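What follows is one structure encoded as structure tokens, with my remarks underneath.
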Amino acid sequence: MTATDPRRVVEAVWRIEAGRIVAALARIVRDVGLAEELAQDTLVIALEQWPVNGVPDDPGPWLMATAKHRAIDALRRRSRYQRKLEEIGRATPEADEPDLAAELDDYVGDDLLRLIFTTCHPVLSTESRVALTLRLLGGLSTDEIARAYLVPEPTVGQRITRAKRTLAERNVAIELPPPAEAAQRLASVLEVVYLIFNEGYAATAGDDWMRPALCEEALRLGRVLSTLAPAEPEVHGLVALMELQASRIPARSGPSGEPILLPDQDRRRWDRLLIRRGLEALARTEGSWGPYAVQARIAACHARATRAEDTDWERIATLYEVLTHVAPSPVVDLNRAVAVGHAHGPARGLEIVDALVLPNYALVPAVRGDLLARLGRTDEARREFERAAAMTRNARERGLFEARAAALA
């Protein structure tokens, strides 16, 4: 393998391999913090050696082998230290040194699954789970995570440090949860992955309408999960949902980055490969009515409509009704109001919105404004879009709402 800039090759390969490397090291040394330190040492070695010696023919395996050698050295140092303490009577005898050959031969896919369940452990806050997952499994730097979520870099660093310290203090094992906890823990894993995707798909704050890099990281994690847990329909439901939503990304913004809403998108720009992959993943949820599978069925209704006017809004409204029972929330009800407004008229949709209690959420007045505009109540609609513009923290979204209000003036 050749490249004009070995450092860029290192960075590209590292982004792909980081999760697997940290996962393998975490199993060997049984410590998430130490595993990340050893992985970073490996990255530094590659950055030093590849520009001098050239990029290896198999860069991924080279990184993994180097990282494992670092782990073996660390374990041997730890073992020697323990023996010295025992000799002078300052420590009780420890268990024998682990069988390193057996450790290194374990299947890497299992390592990833263990680490995903560890980084999304319920003892961590949601913010810490997201940051730690992106750091260890996404290979993102602290600075990249901070920029993605528009928070100070020290804040992200503190979240990651606290998360690793909490896992160590609580003696959280790097292992799959027992069967009794598996469903709950899997739900946490899927929630974190979808939170990452959503922040990329519709940024909550800042100057950008979308952050596609976060969508790509979430998709990658979802695809990894689907290969490691092939019998879990909700995993395939989440992958299907993300693939189908990501297919619209090329059409969701204009030449200057301005938002383009679903009814106005040029559907010829939708990514047909992602749609096909999403529908294939959806087929693996047959018989399942979990929240991600239901949302994926809704996304599939949009994907199958070649024109906005061909959208099966009655089916979408019915699926949202199902979702209100499967995963009830005010946001689900708001989306149901949109679907009902299209399927049965804006007055019906407005009834649902007016019954919602969802303060400080910009999309509530935005949806209400759209329904009022369709009812011909122009002045009220304009005021709702102005309210939405004042509430959102995303500059592109604010511009969209202000334009809608101006058009109704």
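Evaluated against (1) without any contact (Cβ under 8 Å) to a residue 24 or more places away in the chain; (2) more than 23 Å from LEU124 (Cβ to Cβ); (3) in a helix (DSSP H, G or I), PRO255 falls short on exactly one condition, (3). Listed by first and then second residue, the pairs linking a residue in the stretch 396-409 that is farther than 15 Å from ILE260 by Cα to a residue that is assigned to a helix (DSSP H, G or I) and hydroxyl-bearing (Ser, Thr, Tyr), with Cβ atoms under 7 Å apart and 6 or more places separating them unless they lie on different chains, are LEU408/THR378.
For every residue, the table says whether it meets (1) of a type in the set (Phe, Trp, Tyr); (2) in contact with a Phe, Trp or Tyr (Cβ under 9 Å, 6 or more places away or on another chain); (3) closer than 30 Å to ALA231 by Cα.
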position: ARG277; (1), (2), (3): no, no, yes
position: LEU282; (1), (2), (3): no, no, yes
position: PRO330; (1), (2), (3): no, yes, no
position: GLY341; (1), (2), (3): no, yes, no
position: ARG348; (1), (2), (3): no, no, no
position: VAL367; (1), (2), (3): no, no, no
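The residue of the stretch 19-55 that is nearest to GLY222 (Cα to Cα), among those that are free of Cβ contacts under 8 Å to residues at least 12 places away in the same chain and acidic (Asp, Glu), is GLU37.
Contact annotation: residue pairs with Cβ atoms under 9 Å, 6 or more positions apart or on different chains, pairing a residue in the stretch 110-132 that is in contact (Cβ under 8 Å) with a residue 12 or more places away in the chain with a partner that is of a type in the set (Asp, Glu), are ARG114/GLU175; PHE117/GLU175; THR118/GLU175; CYS120/GLU191; PRO122/GLU181; THR126/GLU191; ARG129/GLU191; VAL130/GLU199.
Here's the yes/no breakdown for (1) within 20 Å of ALA205 (Cα to Cα); (2) surrounded by 15 or more Cβ atoms within 10 Å (Cβ to Cβ):
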position	(1), (2)
VAL331	yes, no
LEU356	no, yes
LEU375	no, yes
ARG396	yes, yes
ALA407	no, no
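The set of residues in the stretch 33-65 being more than 27 Å from VAL172 (Cβ to Cβ) and among the polar types (S, T, N, Q) consists of GLN49, ASN53. A search for C-beta distances below 8 Å between a residue of the stretch 3-18 that is of a type in the set (Lys, Arg) and any residue that is part of a helix (DSSP H, G or I) and modelled with pLDDT under 80, counting only pairs 6+ apart in sequence or on different chains, returns nothing.
Within the stretch 205-225, residues that are at positive phi sit with their Cβ atoms under 9 Å from residues that are of a type in the set (A, V, I, L, M) and in a helix (DSSP H, G or I), at 6+ positions apart or across chains, in these pairs: GLY206/ALA395. Considering (1) among the aliphatic types (A, V, I, L, M); (2) buried (at least 21 other Cβ atoms within 10 Å of the Cβ); (3) modelled with pLDDT under 95, the lone condition that ALA293 does not fulfil carries the number (3). The condition of being within 24 Å of the chain's Cα centre (by Cα), closer than 22 Å to LEU400 by Cα and assigned to a helix (DSSP H, G or I) holds for only one of VAL338, VAL331, VAL353, VAL367, that being VAL331.
The values are calculated or read from the model by the stated rules, or taken from the named source; none is laboratory data. Keep in mind that this is a model prediction, so the values were computed, not measured. Reconstructed Cβ throughout: ideal geometry from the backbone, glycine too, with neighbour counts over all protein chains shown.
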